[in-house]
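Undergrad: One structure coming up, written as structure tokens, with questions to follow.
Every read-out reported here was derived from the displayed coordinates using simple, explicitly stated rules and does not represent laboratory data. Since we're looking at a predicted model, the values are computed, not measured. A quick note on method: Cβ atoms are made from the backbone with ideal geometry, for glycine too, and the neighbour counts reach across all protein chains shown.
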Amino acid sequence: MCRKVLAVIAAIALSVSSFSMIAAHGEDLKKPLTAPKITAGSTGYTFKATPAKWSDNGPSAFQWLLNGKALSASGLTLKLKSSDNKKKLQFSESHIFDDGTTVTAKSNTITIGNVLLSESLTIRVRPTDDKVMEIAVLPKSVPTTAKATYQWYVGYFEIKGATKSTYNLKTADLGNDISLQVNFVAKGFVTAKKTSNTVAIANITRKYEQIWSEEFNGPAGAPADPTVWVAQNGDGVAFGNRGWGNNERQWYDDKISSTDGLGSYVIKATTTNAGINNCYYKGPCEWASTKLVTKDKVGFKYGRIEARIKGPVGKGTWGAFWMLGADIDERGWPGCGEIDVTELLGSLPSTNLGYIHGPSGSRGERVEMKTPHASEYHTYAVDWLPDQIRYYLDGVPFLTLDKRDPGWVYDHEFYIIINLAMGGNLGGEIEANLKNSTMEFDYIRVSSINGIGEVIKHKA
């Protein structure tokens, strides 16, 4: 008996479900197959409606709506005035089915006075020239009198000055994504913006040719080559830069450093006899070390700048291989620009610091090394190009900075600096029991990159 009751209940449920499905299907048949649509004419104030498509041939009544209020117009075309700017236009269609049911469908909405765009914005690399980006498809605008203005992008950054319909690719663009934004502007209309597809620019092989080097092949105890290097001795006071601008604790003296006879130049930092000089901090100097520059001897403009270095040991040591703009005496710092190829701190024995400094501040990165910088030689390099500086550690790139970043002042001659500072703002507190430390340079080499790079030799 119980089984018969359950069977009856199940049959009733199935019947109700089937009825619901049929009813729902019937409702679906009364939905428009395609929605009505409105488009603007060439002036932006004339409009055309395309009616919806239905599952039967019943009649439809049309109605234009402005800000939701019905207009007297009931045809498929409409003309408005500029006084209607900012109002929202919509088209409504009421369709009567054979069974007398009426279904209403509404179109898309258009804001009056906005520039309207059709199609997507498509860019490509010109098929006949792999160095030029161009527009493949430019959207048509309503009104047709709208003027297009262009701005090219690399990643999220605007490319300064790239405001034409074509764009000549730069070295900095290699390996990056390029896109275009077009603004359509018309008097009396709100500007419309369209962003293109993104094109990934392939990288190219960089070819290097050595154009200058310092190999430090002098005999043991020999000074640095005087035709290349100038010593900047003292505590910075004579240069108008007390503590070298960083509260450093050393007195620079080039006589305490020399080549080792094995192909390296060894900068020595020591407390021995440092006190024979009085430092800016009003007392005997705590440390002596060495700072050499190529200023007014040899200058460089672009290329790969590279050195093989063994860093210093001990907290408070601060070794550096870096460059300053040759116009520092005229422009001052940071207006001249600074490129720190590497800074090596005893307090961070496995960290390499690569930074640039300019009028807009500092940008760079710290990268961890596989082995401590003082345990063995490592190579530190920058690829310096007219629109890009790329940092390398042991041949592996880890940071790219380019001209699109603010405050770019790296398009002129620079000179090289090597030094070992003690303490100061970055070096930090000096280890109490530390008496000596060294920084060793195996070589410094400069190479052109695909023909870009220049050595500037100054007359004595």
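Undergrad: In debye, nearest 20, what is the charge dipole magnitude of the chain about its Cα centre with +1 on Lys and Arg Cβ and -1 on Asp and Glu Cβ, if you could check?
TA: Taking the Cα centre of the chain as origin, the dipole is about 2520 debye.
Undergrad: Mind giving me the nanometre distance, one decimal, between the label points for V367 and E454, set 7 Å out from Cα along Cα→Cβ?
TA: My value for the distance between the label points is 2.8 nm.
Undergrad: Placing +1 on the Cβ of each Lys and Arg and -1 on the Cβ of each Asp and Glu in the chain, which of H373, P36, V125 has its Cα farthest towards the positive end of the resulting dipole?
TA: Checked the options; the winner is P36.
Undergrad: When you have a sec, figure out the Kirkwood radius of segment 47-157 from all distinct Cα pair distances and drop it here in Å to one decimal?
TA: Computed over Cα pairs of segment 47-157, the Kirkwood hydrodynamic radius comes out at 17.7 Å.
Undergrad: Right, another one. Using only alpha carbon pairs under 8 Å that are at least six residues apart, calculate the relative contact order of the chain and give it in whole percent.
TA: 13 percent
Undergrad: Return one number: the angle in degrees, 0 to 90 and rounded to the nearest 10, between the long axis of the Cα atoms of helix 2-29 and the longest principal axis of the Cα atoms of the chain.
TA: Compared with the principal axis, the helix lies near 80 degrees.
Undergrad: What is the extension gain from T77 to T104, computed as 0.36 nm multiplied by their sequence separation minus the C-alpha to C-alpha distance, in nm to one decimal?
TA: Answer, rounded to one decimal: 7.8 nm.
Undergrad: Classify segment 208-457 from the C-alpha gyration tensor, please: rounded if a/c falls under 1.5, else prolate or oblate depending on whether a/b exceeds b/c.
TA: Taking the square roots of the gyration eigenvalues as a ≥ b ≥ c, segment 208-457 is rounded.
Undergrad: Computed FRET efficiency, Cβ-Cβ of D130 and L66, R0 60 Å: what is it to the nearest 0.05?
TA: That gives a FRET efficiency of 0.70.
Undergrad: From the C-alpha gyration tensor of the chain, pull out the three semi-axes of the equivalent ellipsoid (sqrt of 5λ each), sorted largest to smallest, in whole Å.
TA: They are 73, 30, 20 Å, listed largest first.
Undergrad: Which loop chymotrypsin sites (Phe, Trp or Tyr not before Pro) in segment 195-286, with loop taken from DSSP, have no more than 12 other Cβ atoms within 10 angstrom of their Cβ?
TA: Answer in residue order: no site qualifies.
Undergrad: Kindly provide the helix-only [θ] at 222 nm of the chain, computed as the sum of -39,500 (n - 2.57) over DSSP H runs of four or more divided by all residues, to the nearest 500 deg cm²/dmol?
TA: -2500 deg cm²/dmol
Undergrad: Would you kindly derive the ³J(HN,Hα) couplings of segment 338-354 from the backbone phi angles with the Karplus curve 6.51 cos²θ - 1.76 cosθ + 1.60 (θ = phi - 60°), listing them in order in whole Hz, with x for Gly and Pro?
TA: 9, 10, 8, 4, 7, 10, 10, 9, x, 6, 10, x, 10, 10, 10, 10, x
Undergrad: Hey, another quick one. Only Lys, Arg, Asp and Glu count, each charged at its Cβ (+1, +1, -1, -1), so figure out the dipole size of segment 37-111 about its Cα centre, rounded to 20 debye.
TA: So the magnitude is around 580 debye.
Undergrad: If the label point is 7 Å along Cα→Cβ of K187, which residues in segment 86-120 have backbone nitrogen under 19 Å from it?
TA: Of the residues in segment 86-120, 86, 113-116 have backbone N under 19 Å from the label point off K187.
Undergrad: Once you mark the GluC sites (Glu not before Pro) that are in a DSSP loop and have at most 13 other Cβ atoms within 10 Å, what is the longest gap between them in the chain?
TA: The reported range is 120-375.
Undergrad: Kindly write out, for segment 102-109 in residue order, the coupling ³J(HN,Hα) from the Karplus curve 6.51 cos²θ - 1.76 cosθ + 1.60 (θ = phi - 60°), rounded to whole Hz, with x marking Gly and Pro.
TA: Those phi angles translate into 10, 10, 10, 10, 10, 7, 4, 10 Hz.
Undergrad: Further, regarding this structure: Are there chymotrypsin sites (Phe, Trp or Tyr not before Pro) in segment 139-202 that DSSP marks as loop and that have at most 11 other Cβ atoms within 10 Å, and which are they?
TA: Qualifying residues, ordered by number: Y156.
Undergrad: Right, another one. Normalising by the residue count of segment 208-457, find the relative contact order in percent from Cα pairs under 8 Å and 6+ residues apart.
TA: 29 percent
Undergrad: Hey, can you grab everything whose amide H is under 5 Å from the amide H of A192? Only 5+ residues off in sequence or another chain; H modelled, so Pro and N-termini drop out.
TA: Under 5 Å from the amide H of A192 lie the amide H atoms of V115, F184, each far enough along the sequence or on another chain.
Undergrad: May I ask you to evaluate 6.51 cos²θ - 1.76 cosθ + 1.60, the Karplus curve with θ = phi - 60°, for each residue of segment 111-116 and list the ³J(HN,Hα) values in order in whole Hz, giving x for glycine and proline?
TA: 7, 5, x, 8, 5, 10
Undergrad: Once you treat every alpha carbon in segment 37-111 as an equal point and sum by Debye, what is log10 I(q)/I(0) at q = 0.16, 0.17, 0.20 Å⁻¹?
TA: Cα-only, vacuum Debye calculation for segment 37-111: -0.56, -0.63, -0.81.
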